[in-house]
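Student: Starting off with a structure, shown below.
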Amino acid sequence: MVQLSIMALFVAVSQATWKRTKLGLLRNTVLYPALGFLGILLLWYGIASLRHELMPYPHEAIANNLDFIMHPFYQRGAGDLGIGWLLLASLRRVLLGFLLGAVVAIPLGFLIGMYRPALLALNPIIQILKPVSPLAWLPIALAIFNLAEPSAIFVIFITSLWSTIINTALGVSSVSKDYLDIARVLEMPPWRRVYKIILPASLPYIFTGLRISLGIAWLVIVAVEMLTGGVGIGFFVWDEWSRLNLSSVFLSVFVIGVTGLLLDVAISRLEALITHRRTPKEG
């Protein structure tokens with residue numbers, strides 16, 4: 001009888017704990033974000049009520065963009081494409097420039113982090129070029145390539161270098177000296193030392209640099225496409241603003257923000273998959 005009472009108490013406590021956990025998860029993942037979005041909508045309605053001649057109400061913006069929302073991949077001519085195609089064109093430029101930047105930046109970061117002469121030689125160059133606005137490279141890229149497409153990719157490439165180089169070098173230089181001393185005692189060849197010790201210890205730093213670089217690259221591509229034109233979400237923003245179509249501009253802002261969030265989540269999931277570490281969002 002006592003055992004049954006203890007078992008019943010245990011079940012009751014477990015159910016209560018599960019309910020509290022479930023309610024807490026629902027509150028944190030649904031209720032609070034919904035309140036945040038509600039606040040933004042209320043602010044939007046307030047501003048639109050003051051300057052309605054310039055800014056549409058949220059429901060008007062949705063109604064004006066139903067064609068873009070319901071048919072994101074339409075093709076109605078050479079320059080009349082759905083917002084889905086424009087987004088894919090921008091993503092292709094960003095990912096290509098970002099991957100090229102990662103291929104260059106990660107080895108450079110390892111070189112700087114492992115060898116002090118490389119640090120002394122390259123650090124001044126990095127510190128001079130890092131503060132330069134990415135858009136300042138656009139005229140140089142246009143002069144070199146004489147085409148908008150490779151120029152945009154080149155600007156993204158330059159943008160993707162600095163954060164990845166710095167974070168990779170920091171990760172490599174932060175590897176415990178005890179591990180490296182053990183590797184020397186075991187007479188590990190340099191390549192095996194890099195692969196077995198330095199790379200695994202540096203991966204969190206590398207992915208931090210990649211996340212920062214990708215976020216900046218996604219910011220920059222919008223500005224680059226505004227200046228170079230062509231097919232892309234950035235030029236779409238500028239073109240709709242030129243037509244004073246603010247409803248489409250708000251739609252573009254939402255699409256750009258959600259895409260940036262998804263890119264960051266994708267990098268975060270890739271880091272968790274490779275390093276077998278739980279991301280901060282996962283607890």
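Student: Within the set of pairs 6 or more residues apart or between chains, which connect a residue that is under 14 Å from Val249 (Cβ atoms) and without any contact (Cβ under 8 Å) to a residue 40 or more places away in the chain inside the stretch 51-63 to a residue that is small (Gly, Ala, Ser) and surrounded by 11 or more Cβ atoms within 10 Å (Cβ to Cβ) with Cβ atoms less than 7 Å apart?
Tutor: Sorted first by the residue in the stretch 51-63, then by its partner, the list stays empty.
Student: Output the residues belonging to the stretch 95-112 that are of a type outside the set (A, V, I, L, M) and free of Cβ contacts under 8 Å to residues at least 24 places away in the same chain. Talk me through it step by step, then tell me what you get.
Tutor: From the stretch 95-112, those of a type outside the set (A, V, I, L, M) are 97-98, 101, 107, 109-110; that's our starting set.
Residue satisfying the conditions is Pro107 alone.
Student: Further question: For the stretch 51-66, give me each residue that is surrounded by 10 or more Cβ atoms within 10 Å (Cβ to Cβ), at pLDDT 80 or above and of a type in the set (A, V, I, L, M, F, W, C).
Tutor: Step one: of the stretch 51-66, the residues surrounded by 10 or more Cβ atoms within 10 Å (Cβ to Cβ) are 52, 54-65.
Among the residues that remain, those that are also at pLDDT 80 or above are: 56-65.
Selection gives Ala61, Ile62, Ala63.
Student: Can you tell me how many residues in the stretch 139-155 are in contact with a Gly (Cβ under 9 Å, 6 or more places away or on another chain) and farther than 15 Å from Ala223 by Cα?
Tutor: 0
Student: I would also like to ask the following. Check whether at least one residue in the stretch 224-233 is out of contact with any Gly (no Cβ under 9 Å at 6 or more places or on another chain), part of a helix (DSSP H, G or I) and farther than 23 Å from His52 by Cα, and report yes or no.
Tutor: Checked the stretch 224-233: at least one residue is out of contact with any Gly (no Cβ under 9 Å at 6 or more places or on another chain), part of a helix (DSSP H, G or I) and farther than 23 Å from His52 by Cα.
Student: Given the structure, is Val249 under 24 Å from Ser151 (Cα atoms) and at pLDDT 85 or above?
Tutor: no
Student: Here is a further query. With in the same structural domain as Ile274 (by TED's automatic domain parsing) and under 18 Å from the mean Cα position of the chain (by Cα) as the only criterion, which of Phe110, Phe145, Phe98 stands out?
Tutor: Phe98
Student: Restricting the search to the stretch 113-137, which residues are farther than 27 Å from Ile221 by Cβ and touching a residue at least 40 places away in the same chain (Cβ under 8 Å)?
Tutor: Restricting attention to the stretch 113-137, the residues satisfying the condition of being farther than 27 Å from Ile221 by Cβ are 113-121, 123-124.
The answer is Gly113, Met114, Leu119.
The values are calculated or read from the model by the stated rules, or taken from the named source; none is laboratory data. What you are looking at is a predicted structure, and each value in this text was computed from that prediction instead of being measured. Neighbour counts are summed over all protein chains in view; Cβ atoms, including those assigned to glycine, are modelled from backbone coordinates with ideal geometry.
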